[in-house]
Amino acid sequence: MTKTKTIKSLEALRKKLLKDRKKIQSTLIMCGGTGCQASHCQEVVDAVKNELFEQGLAKSVCVRTTGCHGFCEQGPLMVIEPGNIFYCHISPDDAHEIVTKTIREGEVVEHLLYTDPVSGKQVQTELEIPFYRAQERHLLAQNRLVDPCSIEDYIAIGGYSALVKTLFEIAPESVVREIKDSGLRGRGGGGFPTGRKWAACREAPGDEKYVICNADEGDPGAYMDRCVLEGNPHLVIEGMMIGAWAIGARQGYVYVRNEYPLAVKNTRVAIQQAREFGLLGDNILGSSFSFDIDIARGGGAFVCGESTALMSSLEGKVGEPRPKDLHTVVDGLWHKPTTLNNVETWANVPSIILNGSSWFASKGSKGSKGTKILALTGHIKNTGLVEVAMGTTINTVVFDIGGGGSNGNSIKAVQTGGPSGGCLPADKFDLPVDFDELAKAGSMVGSGGMVVMGEETCMVDVAKYFLTFLQDESCGKCVPCRMGIDRMLEIVTDITEGNGTPQQISLLEELGSTVSETALCGLGKTAANPVLSTLRYFREEYEKHISEKKCPAGVCQALITYTIDPEKCTCCGICKRACPHKAIIGKKKQVHAINLDLCQKCGICRSECEFDAIQVK
Amino acid sequence: MPPPTLDSILEERRSQPQQLIEVLQDVQEHYGYISEESMKTVSNELGVLLMDVYSVASFYKAFALKPRGKNVIRICTGTACHVRGAKLILNQAVGQLGIKPSEVSDDGLFTIEHVNCLGACALGPVVTDNGHYHDHMSPGKLRKLIKSLYKADTEEISND
């Protein structure tokens, strides 16, 4: 192994790696993200490697298992270069055909190609797929180029050259200015200007300073940080190193969710490799800069995504936030000046340094620069991770990239920004993905979760869902959050159970605004957003629950009953076997019925019935 | 492979209070829960008051203070899974096993847990059994999964 003690040795290593790569005839790029692992991609990788070995191609064909490509719904998936051929839903049995036909003979295996659900046509290359075509994949595209566990891969594609430029060509204060000029804003939810944060931390008195990477991605429905950290950990490490140089820190921490075992593993490997290569440690590349990174696993508390709570947790304490009379850039981890940025924010740093702030600022909208990764999920045809220039409209994301509602259903709303965000109705889809514009509409970009909700979603139930989540996650330190969320949940539960009164709507609004104004930290301050935004845009649904005691979407258990349509029932018995409460009666060849006394309204029978015979009223 | 001893987990971390969460993570990972005994040892060795060890262990969701079932079924109830019917999946598990989340079934074979997001949102509803991911779950698929886990365990017992 070459230790890269100087710039010269780093560049020599890069040259050698590139020379070696030229010998490779073709590369099979296999997505190995958590999503594709759930679809058993490892078995496909093993089968393909085995097949290449048997056909004597192991040396000339490279199989690269990479981080997430974003199109999780289609996994396991593979891209073959050169040619950009895209195969999806691959099984280990396809390995022989892929190697024999595509690698040896240059032919395409048609049954593995992607079929566009909108046009119904087969597509041969990744670039032609509408899901990818409408995106601007700056960060995500890099995932395909590297095996996350190979620092050599990262160096070969130019990795750590932004660090070299920083250490030897740019003074720390100029690095800060460059980030300021780029207009980069925090990708974790707050949207705070990154450059301003760095400048304040740099100017804060004290010799001991820290940088932290917040990878405690707790927003349900968002997984872009997992994907970036898991797929390209060296990019994040390089960003942190540049930040550390700029503010004058010698130590950094990556605080990562323990629910992301692959991200924990890949980051550990990356840190170890960087140490072995001399890229972390003392006098990096022969400069005066010494820096190291440690990893800390989160304990599964949503509130630890908040900067002060995260720092308490890093100190080994209960993750409770503290008042920000003094900002963390002055009084942070161990009461020392600390810069905390989210994974995606750090990942943007190296390219800003390499390409210049004006390059970054040329993308995006007036107040929100660059690109943003969004997690597009829910009732939509194409789900996965999407990266677009900020300022792109929700319409483009939902319809051009997402392909519209799943099963041809219409879309009722999009929930953006996780539990701190809000629900936007379909007539607001011309809004841009922009920090300020979405906030004005009562929602937020947040960390980039975008959960699409079809007509079958009850918006009051959605509000109840988020309140239940937040009640569970509130640390309990401040009264407005602890009690306010409790009371709001009580009211919304009343409404979903048919016990609501019209006065409760105004009470909810009043409570919501009090909690927003008085809670201690970001969790509490934004906790009312899901309620307030659904009240703003879907008030008639609340009113129907109250006045008519009906749930229009057929979701709220207390307001619905399940019955079996005798005309449609084929007496197959599937529902009877499926019901865990033994509430379905009926013998063979006899139309089934539901015993309403035993029925718990769990809905399992309806989801299992293949003939749409179970109705909800 | 036997789990590492508490002694080896504590190695190089003694008298370092800031290592509390990392130590508890390892105890949880290898022993499945954090016992009163291990809390006392951790308290002594790291130099953290027992009260504070308990407060941290009970604050974070990652830590269980009671033993869990042999099979841990984690059901993702994140927003993306919720809108695609995670509740049905939870109802299936609760109905089939007759236990509530965090409880252990009488035979000691199962614990159900709900987790706020597993980060595989595009594939929802998502369930893990002992760390293995299952995507696009339906009540029927979960029923079969639980049955197969049950069968594997009871056969193991009868073979012993």
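Read-outs: derived from the displayed coordinates by stated rules, not from any lab. Everything numeric here is computed off the predicted structure, so don't read it as measured data. Don't worry about glycine lacking a Cβ; one is built from the backbone with ideal geometry, like all the others, and counts go over all protein chains shown.
Residues A:M311, A:M444, A:M483, ranked from the fewest to the most other C-beta atoms within 10 Å, line up as A:M483, A:M444, A:M311. Compute the separation of the alpha-carbon centres of the range A:550-598 and the range A:230-268 and state it in Å as a whole number. If you average the Cα positions of each part, the centres end up 52 Å apart. Footprinting exposure proxy ranking of A:K324, A:K582, A:K317, fewest other C-beta atoms within 10 angstrom first, gives A:K582, A:K324, A:K317.
For the protein assembly as shown, adding -39500 (n - 2.57) for each run of n ≥ 4 DSSP H residues and dividing by the number of residues yields -11500 deg cm²/dmol at 222 nm. What the Cβ-Cβ distance of A:K550 and A:E456 gives, at R0 = 25 Å and to the nearest 0.05, is a FRET efficiency of 0.95. The radius of gyration of the Cα set in the range B:106-160, together with its Dmax, comes out at 13.0, 41 angstrom. Note on the range B:88-160: with charges restricted to the Cβ of Lys and Arg (+1) and Asp and Glu (-1), its dipole about the Cα centre is near 420 debye. Only one residue of A:L167, A:N258, B:P3 has its Cα farthest out toward the positive end of the dipole of the protein assembly as shown, where Lys and Arg carry +1 and Asp and Glu -1 on Cβ, and that residue is A:L167.
Under 5 Å from the amide H of A:T65 lie the amide H atoms of A:M30, each residue being 5 or more positions distant or on a separate chain, with H modelled from the backbone and absent for Pro and chain starts. In this rough spin-label picture, where each label sits 7 Å from Cα along the Cβ direction, the A:E208-A:F168 distance is 3.3 nm.
Basic side chains Lys and Arg get +1 at the Cβ, acidic Asp and Glu get -1 at the Cβ, and with that the dipole of the range B:1-67 about its Cα centre reaches some 220 debye. In this calculation the C-beta distance from A:R196 to A:K3 is compared with R0 = 41 Å, giving a FRET efficiency of 0.65.
Between A:N342, A:L508, A:H111, the Cα set farthest toward the positive side of the dipole of chain A (charges on each charged residue's Cβ, about the Cα centre) is that of A:N342. For the range A:151-361, the Cβ-based charge dipole about the Cα centre amounts to some 260 debye (Lys, Arg positive; Asp, Glu negative; other atoms uncharged). Checking the cross-link pairs A:K180/A:K324; A:K582/B:K151; A:K165/A:K209; A:K412/B:K141; A:K197/A:K336 against a 20 Å limit on the alpha carbon distance flags A:K180/A:K324; A:K582/B:K151; A:K165/A:K209; A:K412/B:K141 as lying beyond it. Overall, the ratio between the Cα radius of gyration of the range A:96-183 and 2.2 N^0.38 Å, rounded to two decimals, is 1.67. Taking 17 Å as the cut-off, the amide N atoms of the range A:563-578 that come nearer than this to a point 7 Å along the Cα-to-beta-carbon line of A:L596 belong to A:563-566. Summary value for the range A:459-548: 36 percent relative contact order, contacts being C-alpha pairs under 8 angstrom separated by 6+ residues. Packing order of peptides A:147-154, A:447-454, A:296-303, highest average first: A:447-454, A:296-303, A:147-154 (average count of other Cβ atoms within 10 Å over each peptide's residues). Close amide H contacts of B:A64 (hydrogens built in the peptide plane, cut-off under 5 Å, sequence separation of 5 or more or a different chain): B:I34. Note down the Stokes-Einstein diffusion coefficient of the range A:417-473 in µm²/s, whole number, using a Kirkwood radius over alpha carbon pairs, 10 °C, and 1.306 mPa s. Taking Rh from Cα pairs, D becomes 131 µm²/s.
Computed over the protein assembly as shown, the P(r) tail beyond 37 angstrom holds 43 percent of alpha carbon pairs. With R₀ fixed at 35 Å, the C-beta to C-beta distance from A:K588 to A:D427 puts the FRET efficiency at about 0.10. Under 19 Å from the 7 Å Cα→Cβ point of A:S119, by amide nitrogen: which residues of the range A:383-413? Once the point is set 7 Å along Cα→Cβ of A:S119, A:383, A:396-405 turn out to lie under 19 Å by backbone N, inside the range A:383-413. Extending 7 Å from Cα along the Cβ direction at A:E490 and again at B:R14 yields two label points whose distance is 5.2 nm. Per-residue Cβ neighbour counts within 10 Å put A:K550, A:K369 in the sequence A:K550, A:K369, beginning with the fewest. In this structure the amide hydrogen of A:I212, modeled in the peptide plane, comes within under 5 Å of the amide hydrogens of A:Y253, A:T339, A:L340, A:N341, none closer than 5 places in sequence on its chain. When the range A:223-319 is described by a simple charge dipole with +1 on each Lys and Arg Cβ and -1 on each Asp and Glu Cβ, the residue from A:I284, A:M224, A:A301 located farthest towards its positive end is A:A301.
Pairs of C-alpha atoms in the range A:23-129 farther apart than 15 Å represent 59 percent of all such pairs.
Across chain A, Cα pairs under 8 Å and at least six residues apart give a relative contact order of 11 percent. Backbone phi angles across the range A:300-311, fed through the Karplus curve with coefficients 6.51, -1.76 and 1.60 (θ = phi - 60°), yield HN-Hα couplings of x, 10, 4, 5, 5, x, 6, 4, 6, 5, 4, 5 Hz in residue order; Gly and Pro are listed as x. Peptide B:140-146 has a mean shielding of 2, counted as Cβ atoms of other protein chains within 10 Å of each residue's Cβ.
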